[in-house]
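Take a look at the structure set out below.
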Amino acid sequence: MLGYVTASTETSQNTADTIPVGGGGPRSGLRAAKRGRGLRVLAVAAAGLAGLLAAVIALDLGGAVDVEAVPGLSAADPAVTWAAGLLKYAYDLAMLAAVGCTIAAACFLPGRADARVRLSAQSWRWLRVGAAASGLWAAVALVSLPVDFANTFARPLSGVTLPGLWSYIAQYEQGRALGLTVLLAGAAAVAAARAFTIPGAALAAVLALAAAVPPVFTGHSASNGNHQIAVDGLLIHIVAAAFWAGGLFALFIARKDPAVAARRYSAAAAFAYPAVAASGLIVFVANVAFSDLWASAYGRIALAKLAVLAVGGVLGWAHRRRTLPAVAAGSRRAFNQLAAVELALMAVAFGLASSLSVTPPPAEELPDPNTALLGFPTPEPITLARLLTDWYPSVLFCTAALAATGFYIAGVVRLRRRGDTWAWYRTALWIGGWAVIVLTTSTGLGKYGMVLFSAHMVQHMALNMLAPILLVLAAPVTLALRALKPDRAGGPREWLLAALHSKWSSFISRPLIALLIYLTSLYLMYFTGMFEWAMRSHFGHLFMTAHFLAAGSLFFWVVIGPDPKPRPLSYPAKVLLYFVSIVFHAIFGVTLMMGTTLIADGWYTQIAVPWVADLLADQRAGGGIAWGFGEIPSLIIIVVLIGQWARSEEREGRRLDRMAERAAASGHPEDDPHEVYNAYLASLDQERR
Ligand code: HEM
């Protein structure tokens, strides 16, 4: 019997229990618990049906299943189109349950991020549901492969062959993305099924989130004129929606400790809700004109989602006002009732969303052929004014900047409220670092970086050197450790400490490993085919930008970061490490300046920007920038290192003086470090004579 016999047991605050092994308890309580579970299963089934109904109506009214016969072309089989639309709904539901339950197991209840400490019973149960949902998700994605293939190529299902299917997976983005989701969702299922600890649950959650990503780079958003903005927006949209709906689902099926989990979920849901709203609108206006919101079937489905979102917001507010306090007080009834309605609403939103993703948006005339490649029309000849004013926001990096700056300032405010101080220049450095990232990725530089190698190299240097230097000098880890509240049972602060002390962070923060990662981003990216891949695929471009930032931040964290590190380095070693990196940077720059072959020539010749006369000359200019740009950060690094070194010497000096004073006060000159040192020098002198 699994340790819950009466209704009150369900609200026990005790999170310390491990994996359940037995049971027992008063019969009536057991019946009540069983009835409660039965009602919740019914509510989940009802929500699923409500979503299905919404999906069917939207698929029909939205025109996604209307098959138009085009003379000379075979028409899609309506049954296949319906199957594709409904499978998308099943896919989205399994996704939200998998993402929601694995995240809940890793984060909703306190627990030590220690591989030796087992999960609580409730977290373990979430993982079981997460494993089942991930497995179902992988299966649905697998079944969707032949159906999507048949739907895309207007064939009956019986016309799908294995070689055909294989070429769909190997050669077509949609097929490849679904194939990746099958693998990642399958891996999430295995990880969730085998996990008994918080690190294990966290791995399952990361795999589940990763499984949601590949199809984002292949849908409507990836093929329209604004695809960079639309895809970034959709990425945030799907992750926020999956967490918002999936987290509520996990909370609703929870048998134990709903109060603690509800508190953590609702804190995060307060961010997920506006994220879903804003990103949904961003995706919509990036995909089609705003007026299409009411003028097209595609738009009307999105409008219905907006209505659902508005009602969802009101329910969320009601939760905060009424049901969550009741749950904290031990009564779950009000919460269950409201959550059941909210789950049905979420399922309806997912039903609408899945049909929206297969409903053709209004056709759009692309201004020029490059727009499909770049996500924007070919830019005019480069000028400083256009660099500064012709913005094309990177939704992901702007959102990251907003979130990172917001959390940093919240941390500083918390310290201040506690009466602790935090140096103002650190906050300025943090904001400065993120400003460099936004200016580099979202101003005209973002656009010209796609068509000019030299402009791209300015981006590379700013993201790989300048921004990381400013960010690491802001000591974000120290601020987090000071601002986050300690939680004996295990919370964000303890998870950060566990991550800092993990074997993984101790490995990658080894100075030579950090240097290696830093330099590979230079040589591997440009002297293999990787750069062309990164320029052609939006995922590749995001990966490249994030890698530059992460590799630079790791390297400069090791060299000049004031934060505590698993392996502190001596100052001479830091100076040496940095000089080695400068040498390799210079070699890289000179190699480009002397280069005679065009890097990513397929890309630059395809976009064929009319006002770039000599691509090789532009590449050589990029080499000059790589070589020259290093000078600025080098100056900062040397000044900072000398300053840090001097201060640490001062601190050491003060420490030795204090020891000398204590030794003098206690009458133990042998403890006086200065005396000891002088004695050592005297002994050396003796030996020489
Ligand atoms: C209750 C709130 C919402 C939820 C749970 C939600 C959920 C989702 C999900 C899961 C997808 C991905 C569908 C798929 O590819 O299978 C999606 C796509 C999308 N959502 Fe939402 N959404 C919500 C609200 C909104 C709002 C308010 C808007 C904008 C008005 C919006 C606009 C979009 C657009 C444009 C897409 C892309 C569809 C496509 O591929 O063409 N969503 N949404």
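Residues checked against (1) more than 24 Å from LYS574 (Cα to Cα); (2) in contact with a Gly (Cβ under 6 Å, 6 or more places away or on another chain); (3) open to solvent by less than 50 Å² (accessible area, probe 1.4 Å):
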site: TYR604; (1), (2), (3): yes, no, yes
site: PRO610; (1), (2), (3): yes, no, no
site: ASP614; (1), (2), (3): yes, no, no
site: PRO633; (1), (2), (3): no, no, yes
site: LEU641; (1), (2), (3): no, no, yes
site: SER666; (1), (2), (3): yes, no, no
site: VAL676; (1), (2), (3): yes, no, no
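Which of the helices (runs of 4 or more DSSP H) contained wholly in segment 573-689 include at least 2 residues that are among the charged types (D, E, K, R)? It would help to see each step written out before you state the result.
Values: elements: 601-607, 615-629, 631-666, 673-688.
Those helices (runs of 4 or more DSSP H) span 615-629, 631-666, 673-688.
Listed residues LEU293, LEU303; which is within 28 Å of the chain's Cα centre (by Cα) and closer than 30 Å to SER144 by Cα?
Numbers: LEU293 fails: within 28 Å of the chain's Cα centre (by Cα).
Testing whether each residue is within 28 Å of the chain's Cα centre (by Cα) and closer than 30 Å to SER144 by Cα leaves just LEU303.
Which of the residues that make up segment 350-374 are open to solvent by 20 Å² or more (accessible area, probe 1.4 Å), at pLDDT 85 or above and of a type in the set (Gly, Ala, Ser)?
ALA353, SER357, ALA372
Just need a number here: residues in segment 287-343 that are under 22 Å from LEU61 (Cα atoms) and of a type in the set (S, T, N, Q).
Counting residues in segment 287-343 that are under 22 Å from LEU61 (Cα atoms) and of a type in the set (S, T, N, Q) gives 3.
Among the candidates MET535, MET530, MET544, single out the residue that is within 18 Å of PHE588 (Cα to Cα) and either open to solvent by less than 30 Å² (accessible area, probe 1.4 Å) or under 18 Å from the mean Cα position of the chain (by Cα) (or both). Break it down stepwise before answering.
Working: MET535 fails: within 18 Å of PHE588 (Cα to Cα); MET530 fails: either open to solvent by less than 30 Å² (accessible area, probe 1.4 Å) or under 18 Å from the mean Cα position of the chain (by Cα) (or both).
Matching residue, one of MET535, MET530, MET544: MET544.
Under 9 Å between Cβ atoms, at least 6 apart or on separate chains: pull out the pairs that start in segment 263-279 with a residue that is assigned by TED's automatic domain parsing to the domain that holds ILE229 and end on any residue that is surrounded by 20 or more Cβ atoms within 10 Å (Cβ to Cβ) and outside any helix (DSSP H, G or I).
ARG264/LEU109; ARG264/PRO110
Output the number of residues of segment 504-553 satisfying the condition of being in a loop (DSSP other than H, G, I, E, B), polar (S, T, N, Q) and farther than 27 Å from ALA401 by Cβ.
Matching residues across segment 504-553 total 1.
Would you be able to say whether some residue in segment 77-93 is within 21 Å of ALA269 (Cα to Cα) and assigned to a helix (DSSP H, G or I)? First the steps, then the outcome.
Initial filter on segment 77-93 (within 21 Å of ALA269 (Cα to Cα)): 92-93.
From what's left, assigned to a helix (DSSP H, G or I): 92-93.
Yes: one or more hits.
Being surrounded by 22 or more Cβ atoms within 10 Å (Cβ to Cβ), under 22 Å from PHE539 (Cα atoms) and modelled with pLDDT of 95 or more narrows it down to one of ALA212, ALA230, so name that one.
Numbers: ALA230 fails: modelled with pLDDT of 95 or more.
Going through ALA212, ALA230 in turn, just one is surrounded by 22 or more Cβ atoms within 10 Å (Cβ to Cβ), under 22 Å from PHE539 (Cα atoms) and modelled with pLDDT of 95 or more: ALA212.
Would you confirm, using the coordinates I've provided, whether ALA268 is open to solvent by 10 Å² or more (accessible area, probe 1.4 Å), of a type in the set (Gly, Ala, Ser), within 10 Å of the ligand (Cβ to nearest atom) and not in a loop (DSSP other than H, G, I, E, B)? Walk me through it before giving the result.
Details: open to solvent by 10 Å² or more (accessible area, probe 1.4 Å): yes; of a type in the set (Gly, Ala, Ser): yes; within 10 Å of the ligand (Cβ to nearest atom): no; not in a loop (DSSP other than H, G, I, E, B): yes.
So ALA268 does not fit the description; no.
When the residues of segment 78-97 are narrowed to those that are open to solvent by 50 Å² or more (accessible area, probe 1.4 Å) and away from the ligand (no atom under 15 Å from the Cβ), which ends up modelled with the highest pLDDT?
Filtering segment 78-97 for residues that are open to solvent by 50 Å² or more (accessible area, probe 1.4 Å) and away from the ligand (no atom under 15 Å from the Cβ), the one modelled with the highest pLDDT comes out as TRP82.
Which one is least open to solvent (accessible area, probe 1.4 Å) among residues in segment 375-394 that are of a type outside the set (Ser, Thr, Tyr) and not in a loop (DSSP other than H, G, I, E, B)?
Looking at the filtered set, the residue picked out is LEU387.
Of the residues LEU234, LEU248, which single one is touching a Ser or Thr at 6+ places or on another chain (Cβ under 8 Å), within 13 Å of the ligand (Cβ to nearest atom) and more than 21 Å from GLY186 (Cα to Cα)? Show your work before the answer.
On the way: LEU248 fails: touching a Ser or Thr at 6+ places or on another chain (Cβ under 8 Å).
None of the other options fit; the residue is LEU234.
So if I check each of PHE397, PHE407, which one is under 21 Å from the mean Cα position of the chain (by Cα) and either touching a residue at least 24 places away in the same chain (Cβ under 8 Å) or crowded, with 18+ Cβ neighbours inside 10 Å (or both)? Please lay out each step first, then the result.
Working: PHE407 fails: either touching a residue at least 24 places away in the same chain (Cβ under 8 Å) or crowded, with 18+ Cβ neighbours inside 10 Å (or both).
Sole residue among the options that is under 21 Å from the mean Cα position of the chain (by Cα) and either touching a residue at least 24 places away in the same chain (Cβ under 8 Å) or crowded, with 18+ Cβ neighbours inside 10 Å (or both): PHE397.
Considering segment 272-319 alone, what residues qualify as being surrounded by 18 or more Cβ atoms within 10 Å (Cβ to Cβ) and part of a loop (DSSP other than H, G, I, E, B)?
Once the filter is applied, which keeps residues that are surrounded by 18 or more Cβ atoms within 10 Å (Cβ to Cβ) and part of a loop (DSSP other than H, G, I, E, B), segment 272-319 yields VAL288, SER296.
Scan segment 233-260 residue by residue and report those that are at pLDDT 85 or above and outside any helix (DSSP H, G or I). Full working, then the answer.
The initial filter retains those residues of segment 233-260 that are at pLDDT 85 or above, namely 233-254.
Within segment 233-260, ALA254 is the sole residue that qualifies.
Just to verify a result, which residue in segment 111-132, among those that are under 22 Å from the mean Cα position of the chain (by Cα) and open to solvent by 10 Å² or more (accessible area, probe 1.4 Å), is farthest from the ligand (Cβ to nearest atom)?
Looking at residues that are under 22 Å from the mean Cα position of the chain (by Cα) and open to solvent by 10 Å² or more (accessible area, probe 1.4 Å), I get ALA113.
Only one of (1) surrounded by fewer than 20 Cβ atoms within 10 Å (Cβ to Cβ); (2) more than 15 Å from the ligand (Cβ to nearest atom); (3) in a helix (DSSP H, G or I); (4) over 27 Å from the mean Cα position of the chain (by Cα) fails for GLY330. Which number is that?
Unmet for GLY330, out of (1) surrounded by fewer than 20 Cβ atoms within 10 Å (Cβ to Cβ); (2) more than 15 Å from the ligand (Cβ to nearest atom); (3) in a helix (DSSP H, G or I); (4) over 27 Å from the mean Cα position of the chain (by Cα): (3).
If a residue has to be crowded, with 19+ Cβ neighbours inside 10 Å, touching a Gly at 6+ places or on another chain (Cβ under 9 Å) and assigned to a helix (DSSP H, G or I) to count, how many in segment 183-202 make the cut?
Qualifying residue count for the region: 8.
From LEU281, LEU303, LEU293, which residue is under 19 Å from GLY51 (Cβ atoms) and within 11 Å of the ligand (Cβ to nearest atom)? Steps first, please.
On the way: LEU281 fails: under 19 Å from GLY51 (Cβ atoms); LEU293 fails: under 19 Å from GLY51 (Cβ atoms).
One residue alone meets the criteria, LEU303.
The values are calculated or read from the model by the stated rules, or taken from the named source; none is laboratory data. Keep in mind it's a predicted model, so treat the numbers as computed, not measured. Every residue, glycine as well, gets a Cβ built from its backbone with ideal geometry; the counts of neighbours run over all protein chains shown. Quick note on the areas: whole protein, heavy atoms, side chains included, nothing else; ligands and nucleic acids left out. Shrake-Rupley method; radii C 1.70, N 1.55, O 1.52, S 1.80 Å.
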